[in-house]
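Below is one structure, written out as structure tokens; comments come after it.
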Amino acid sequence: MSGLGDEEKAILRALNELKEPAGCQAIGEKAGIDWRRVMGKLRGLSKDGYVESPVKGKYVITNKGKQTLKS
């Protein structure tokens, strides 16, 4: 899956399952990762176009992120 680490993949899977904009706490609970680590990982995932933030503090998976999950 395009060079992403296990935590990044877990975050993308969690966002894909959540289906609506979610904060770090909800993503972390779904992915089994501490929310502080989620926050740090989301910065990189956002910069690389895998997730976006339609509402401040909430994230959704992008089409690029979904395609990455399929590969």
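The values are calculated or read from the model by the stated rules, or taken from the named source; none is laboratory data. If you're wondering where the values come from, they're calculated on a predicted model, not measured in any experiment. Ideal geometry is used to build each Cβ from the backbone, glycine not excepted, and the neighbour counts take in all protein chains shown. Areas reflect the complete protein model, heavy atoms only, side chains present, ligands, DNA and RNA absent. Shrake-Rupley method; radii C 1.70, N 1.55, O 1.52, S 1.80 Å.
Tabulated results
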| quantity | calculated |
| --- | --- |
| Share of carbon and sulfur in the accessible heavy-atom surface of the chain [1.4 Å probe, %] | 46 |
| Mean Cα-pair separation over length for the chain, i.e. relative contact order, pairs under 8 Å, 6 or more apart, % | 36 |
| Of [x] 4.7; [y] 4.0; [z] 8.4, the label for mean projected area of the Cα convex hull in nm² derived from the coordinates | [y] |
| Phi to ³J(HN,Hα) by Karplus 6.51 cos²θ - 1.76 cosθ + 1.60 over the stretch 15-29, Hz, x for Gly, Pro | 5, 5, 6, 5, 6, 9, x, 9, x, 4, 4, 5, 5, x, 5 |
| Among 33, 62, 15 - extreme Cα towards positive end, dipole of the chain, charges at beta-carbon | 62 |
| Qualifying aspartates and glutamates (Cα of each under 20 Å from Cα of residue 70; at least 8 residues distant if same chain) | 6, 7, 8, 17, 20, 48, 52 |
| Cβ crowding within 10 Å averaged over residues, with 64-70, 52-58 ranked highest first | 64-70, 52-58 |
| For residue 51, residues with placed amide H under 5 Å, excluding near neighbours | 46, 62 |
